[in-house]
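Structure first, then comments.
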Amino acid sequence: MTDMDETTQVSDSPEAPVIPSEPAPPIHSRFLFVDVAALRAKQLRRGARPRLAEAPPVPLHKAERVAMEEVRRGLVYYDIRPPALRQVENEGA
């Protein structure tokens, strides 16, 4: 049996997205740019709020375009993991 007297406070005002004070370092690799933008687009499609301050122009309504613009402006932080260490098959040879 559950107690119905317990309540959860729900805020009516939506929280603004957290925008870092400094932009992320620029991405010089096209492949890294595409990877970061694709992951950000997935977040946007799942309901994340856009980090662009102004309303995007009409052609930017797709999540992929908004994500690419956010990455281009340095609004999306990313983390590059070091490559996994490879085991040498024949250490003695």
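For residue 40, what charge total do you get from the other residues with a beta carbon under 15 Å from its beta carbon, if Lys and Arg give +1 and Asp and Glu give -1?
Once all neighbours under 15 Å are counted, the net charge is +4.
With r as the distance between the Cβ atoms of residue 34 and residue 79 and R0 = 22 Å, compute the FRET efficiency 1/(1 + (r/R0)^6) and round to 0.05.
Once rounded, the FRET efficiency stands at 0.85.
Computed from the coordinates by the stated procedures, all read-outs in this text should not be read as laboratory data. Quantities reported herein were computed from a predicted structural model and do not represent experimental measurements. Please note: Cβ atoms are built from the backbone with ideal geometry, for glycine as well, and neighbour counts cover all protein chains shown.
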